[in-house]
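**Q** Would you mind keeping the following structure in view while I ask a few things?
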Amino acid sequence: MTAPTPTAAKPTVQKDRSMAMQKAMVDGNYARLARAEAERRKVAYTFVPGNINELLMCFDLVVNYPEINAIQNGMRKKSGRYIMEAEKAGHSEDVCTYVKADIGMMLKGNIGPNDERLPNPDVLMLSYTGCFTFMKWFELLRHHYKCETTMLHVPYEGGSGFSKNSRDYVVKQLKETVIPTLERVSGVKFDIDRLREYLKESQKAEENWVWVLESAKHKPSPIDSYFGAIYYISPIFTAFRGTPTATEYYAELRKEVEQRIANGQGPITPEGEMKNEKYRLVVEGPPNYTSFRDFWKMFYDEGAVIVASSYAKVGGTYDFGFRHDPDHPLESVAEYCLNCYTNHNLPERVRMLETYVNEYQADGLLINSIKSCNSFAAGQLMMMKEVQKRTGKPGAFIETDLVDPRYFSPANVKNRLESYFQMIDQKRRATAA
Amino acid sequence: MTTTKEIIDRCEKLYEDMDFTAARAWKEAAPGRHVIGYMPIYVPREIIHAAGMLPLGILGGGDQLEVIHGDAYYQSYICRIPRSTIELAVSGKLDFTDGMLFPSICDVIRNLSGMWQLMMSDKYARYFDVPQNYQDDVGGVYYTQELHELKEDLEKISGRKITNEDLRKSIAVYNENRRLIKDLYELRRKAPWKVPTTEVYLLLRAGMVLPVEEHSQMLKDYIEAASTEDRPLRDNCRIVIQGMFCEQPPLNLIKSIELAGCYIVGDDFMMVTRWLTEDVPLDGDPLENLSQAFLHHSENVSAKYVDREEDKGIYLVDLVKKNGGEGVIFTSPSFCDPALLDRPLLQDVLKAHGVPYIAFKYAENSGQMQPIREQAGTFADSIKLWSEQ
């Protein structure tokens, strides 16, 4: 095991061009949100999984993603006090900390992660996909803002694959509920050809994104598909999917990754290139954001790279074939919503993880069980055992939280990870013998 | 005439029987019988009944089942009902069931459906989704199709077609059961001292494991006996309890609230028994009728989306008013997303309507009731001493 590095001066964080592009995009959206009221732009709030960003763009809406605010506030160490604020206001300590971080921020004046006030929503676009909490979250926001709310109920895929009935139900809601509401709120008439144009852009970005994801099959992997992917997924999971800027970003990202493969380089970490790939892991579950860098460091210090993660699929399982289809715009939006990772049942999730372990030649599956998130966490121990059984690769289980710093115990996590790496070493020795 | 004590003694035995002896006996009584388990909060039991099967409510292990294996399937922070339900399965207590339905209520029960599929790949397990869109041509069309699929699934298990006539007969049987439960609640509303909620709870629990016809007879007998028996009227306040629609409270928790000086006049126990608020029509297409009843005449709990802000929580205010309630006790299971996320919203609505409330949490195996009795007692005293009414 590597001895812990003494805490000296903070290393300079290394960033490549795509990361700068991604940061500019995120900052740009916060700036648009900050200007929205002055520019009389209408504002929609919506969620990441199953978001209908291309459709929202058809109505010239500026889009705010409360989960992203919670993440950004988590990374900036602000979420803890927002959560306490929400708990003081009567929200249970047991429930989702994304919700409480958002509500706490709202109660403290809705100052966004960029230190500018976020505009109130004109419409809450409740895309109820893969997570029960979303429904309550927007009921809570609606109670505060007293604004229009439109719900898109995406049925859970309880069997193998979605049914025609589910798809038709989603399309009907789009036609009869969602689109008329967005037209009324925005004053913009829906134009299906405009939607087709956005979907064409989405498709291009999705192609390059899948290529980037699959690049992790190389040895060494040129990317980290969990910690690194947090940056990569941001444009395609949020307010940029369907824009030429997102297309450009994924083309640039692909170029960088191609170059890294050509150079035989590993992923870029905050402390530079990871040089010695020792362990290849698949991770299931979201990361912790309040100690994101420390958490990541526990991996790259040991030479562990994440070659595939389920979290990078919460905003779409593109690597299993889905692409937005401009020829069938509304149907394709519906299928996208149905296909988000947490909208799949556990047998399907196990199948995906098994595929990752095998196809990415991983050493095993690590589960990061999130205190806040039953959508991911309920049943993960069984999933781990099932994947272990099917692949013969060892699994491990750690527990943290998304944005509540009280539930990230670095010593416990590090201890478990070190044991896990030892287990992998042992397994390798046994196999070699 | 049977006494309430005799009836409740039987209910208590059924409640304590973690081997589901009554349901096993029903299945063994004739060849070709099937039992389909279901979890809270709502499944259309009429369709299971029409297939000639016994719908069996599975509500976790309560405080009687020692969870040995179930904990190994779950992380630290989660409610208790999935652990004990897994325990029931792993320990073979549900080995006689032919399938399980997991209704749309929260992500935990939803994911449990997948765990079931992984654990028992040879048995039928269905996640039963319901629409959160209540328009006839949108959510209605979707839901009717889901009902058709459920019917076809059950036909495959039983090996026989379910006719419209079968469905109508079953709807009639469940209409009667719902009417009797309404009568029971009406009697409790008028004379809560005659109908303790501990007994109402046990009566409803019996309905989870008995054939509906037998349960309806039990309800009739109880209502008749309770109406005539003399029980002392106490100086209690009238309260509504909320949050117990999924993971079950220990029986002692209900008793403790009652002993603390509260008549419970409203609750959300076993909503499957009264989810549909009106008789389902017997003429016309039976599945369409069930779908319409779900869309337009169904109850509210925290797992259901409320489309308009002005309607949010009004069901609870109405429940308080209709039953002469003087306050609300939010009793929610720890880590229950629907109940706990909804609680601040409901509390705000109650505050706006001047209804006092308190809140505490429990787990199905909570043992220490003294703090709950003290909290409920203080609440009851405060209502009696300082209520403006």
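**Q** For the condition touching an Asp or Glu at 6+ places or on another chain (Cβ under 9 Å), among the polar types (S, T, N, Q) and surrounded by fewer than 22 Cβ atoms within 10 Å (Cβ to Cβ), what is the one hit in B:Gln145, B:Gln217?
**A** From the options B:Gln145, B:Gln217, the qualifying one is B:Gln145.
**Q** Right, something else. Can you pull out the helices (runs of 4 or more DSSP H) entirely within the stretch B:279-380 that have at least 2 residues that are more than 11 Å from chain A (Cβ to nearest Cβ) and open to solvent by 10 Å² or more (accessible area, probe 1.4 Å)?
**A** Counting at least 2 such residues, we get B:286-296, B:314-322.
**Q** Let me ask something else. Considering only residues of the stretch A:100-130 that are part of a loop (DSSP other than H, G, I, E, B) and out of contact with any Leu (no Cβ under 9 Å at 6 or more places or on another chain), which is farthest from A:Asp27 (Cα to Cα)?
**A** A:Gly130
**Q** Being free of Cβ contacts under 8 Å to residues at least 60 places away in the same chain, at the interface with another protein chain (Cβ under 8 Å from one of its Cβ atoms) and in contact with a Lys or Arg (Cβ under 6 Å, 6 or more places away or on another chain) is the filter here, so list the residues in the stretch B:68-79 that pass it.
**A** Step one: filter the stretch B:68-79 for residues free of Cβ contacts under 8 Å to residues at least 60 places away in the same chain, giving B:68-76.
So of that shortlist, the ones also at the interface with another protein chain (Cβ under 8 Å from one of its Cβ atoms) come out as B:72-76.
Result: B:Tyr74, single match.
**Q** Still on this model: Kindly indicate the residue of the stretch A:400-415 that is open to solvent by 60 Å² or more (accessible area, probe 1.4 Å) and within 14 Å of chain B (Cβ to nearest Cβ) and also nearest to A:Leu365 (Cα to Cα) among those meeting that condition.
**A** A:Asn412
**Q** Moving on. Considering each residue of the stretch A:173-208, count those that are within 14 Å of another protein chain (Cβ to nearest Cβ), without any contact (Cβ under 8 Å) to a residue 40 or more places away in the chain and either among the small types (Gly, Ala, Ser) or open to solvent by 40 Å² or more (accessible area, probe 1.4 Å) (or both), and give that number.
**A** Matching residues across the stretch A:173-208 total 2.
**Q** Moving on to the next point. Pairs please, first residue from the stretch B:346-367 and polar (S, T, N, Q), second anywhere and part of a helix (DSSP H, G or I), Cβ atoms under 7 Å, 6+ apart in sequence or on different chains.
**A** As it stands, the answer is B:Ser366/B:Leu253, since those pairs meet every condition given.
**Q** Right, another one. Can you find, within the stretch A:140-172, the residue that is surrounded by the fewest Cβ atoms within 10 Å (Cβ to Cβ) among those that are within 7 Å of chain B (Cβ to nearest Cβ) and over 17 Å from B:Pro131 (Cβ atoms)?
**A** Step one: of the stretch A:140-172, the residues within 7 Å of chain B (Cβ to nearest Cβ) are A:140, A:142-143, A:146, A:151, A:153, A:155-156, A:158, A:165, A:169, A:172.
Those still in the list that are over 17 Å from B:Pro131 (Cβ atoms) too: A:140, A:142-143, A:146.
Working: A:Leu140: 22, A:Arg142: 21, A:His143: 15, A:Lys146: 11.
Filtering the stretch A:140-172 for residues that are within 7 Å of chain B (Cβ to nearest Cβ) and over 17 Å from B:Pro131 (Cβ atoms), the one surrounded by the fewest Cβ atoms within 10 Å (Cβ to Cβ) comes out as A:Lys146.
**Q** Step by step: first the residues of the stretch B:80-118, then only those that are of a type in the set (Val, Ile, Thr) and open to solvent by less than 10 Å² (accessible area, probe 1.4 Å), then the one that is farthest from the other protein chains (Cβ to nearest Cβ). Which residue is that?
**A** By that ranking, first place goes to B:Thr97.
**Q** So which of A:Tyr65, A:Tyr82 ends up being more than 14 Å from every other protein chain (Cβ to nearest Cβ), surrounded by 17 or more Cβ atoms within 10 Å (Cβ to Cβ), in contact with a Phe, Trp or Tyr (Cβ under 8 Å, 6 or more places away or on another chain) and within 20 Å of A:Thr290 (Cα to Cα)?
**A** One residue alone meets the criteria, A:Tyr65.
**Q** Does B:Glu165 satisfy the condition of being assigned to a helix (DSSP H, G or I), within 14 Å of another protein chain (Cβ to nearest Cβ), open to solvent by 30 Å² or more (accessible area, probe 1.4 Å) and farther than 23 Å from B:Thr273 by Cβ?
**A** Answer is no for this residue.
Yes/no per residue for (1) part of a strand (DSSP E or B); (2) under 30 Å from A:Glu252 (Cβ atoms); (3) more than 26 Å from the chain's Cα centre (by Cα):
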site	(1), (2), (3)
A:Leu140	no, no, no
A:Gly159	no, no, no
A:Phe162	no, no, no
A:Arg184	no, no, yes
A:Lys189	no, no, yes
A:Arg196	no, yes, no
A:Glu207	no, yes, no
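**Q** Still on this structure: Residue check, B:Ile48 against (1) under 27 Å from B:Glu155 (Cα atoms); (2) in contact (Cβ under 8 Å) with a residue 12 or more places away in the chain; (3) hydrophobic (A, V, I, L, M, F, W, C); (4) within 14 Å of another protein chain (Cβ to nearest Cβ), all met but one. Which one?
**A** (4)
**Q** Could you tell me which residue of the stretch B:119-139 is surrounded by the fewest Cβ atoms within 10 Å (Cβ to Cβ), considering only residues that are assigned to a helix (DSSP H, G or I) and facing another protein chain (nearest Cβ under 10 Å)?
**A** Restricting to residues being assigned to a helix (DSSP H, G or I) and facing another protein chain (nearest Cβ under 10 Å), the top hit is B:Asp137.
**Q** Moving on. Identify the single condition in (1) within 14 Å of chain B (Cβ to nearest Cβ); (2) over 19 Å from the mean Cα position of the chain (by Cα); (3) assigned to a helix (DSSP H, G or I) that A:Glu418 does not satisfy, given that it satisfies every other one.
**A** Only one criterion is unmet by A:Glu418, namely (1).
**Q** Determine if the stretch A:289-296 includes at least one residue that is of a type in the set (Asp, Glu), assigned to a loop (DSSP other than H, G, I, E, B), modelled with pLDDT of 95 or more and surrounded by fewer than 24 Cβ atoms within 10 Å (Cβ to Cβ).
**A** No: zero hits.
The values are calculated or read from the model by the stated rules, or taken from the named source; none is laboratory data. None of these values were measured; they are calculated from a predicted model. Note: ideal-geometry Cβ built from the backbone for every residue, glycine included; neighbour counts use all protein chains shown. Note: accessible area is taken over every heavy atom of the protein model, side chains too, but ligands, DNA and RNA are not part of it. Shrake-Rupley method; radii C 1.70, N 1.55, O 1.52, S 1.80 Å.
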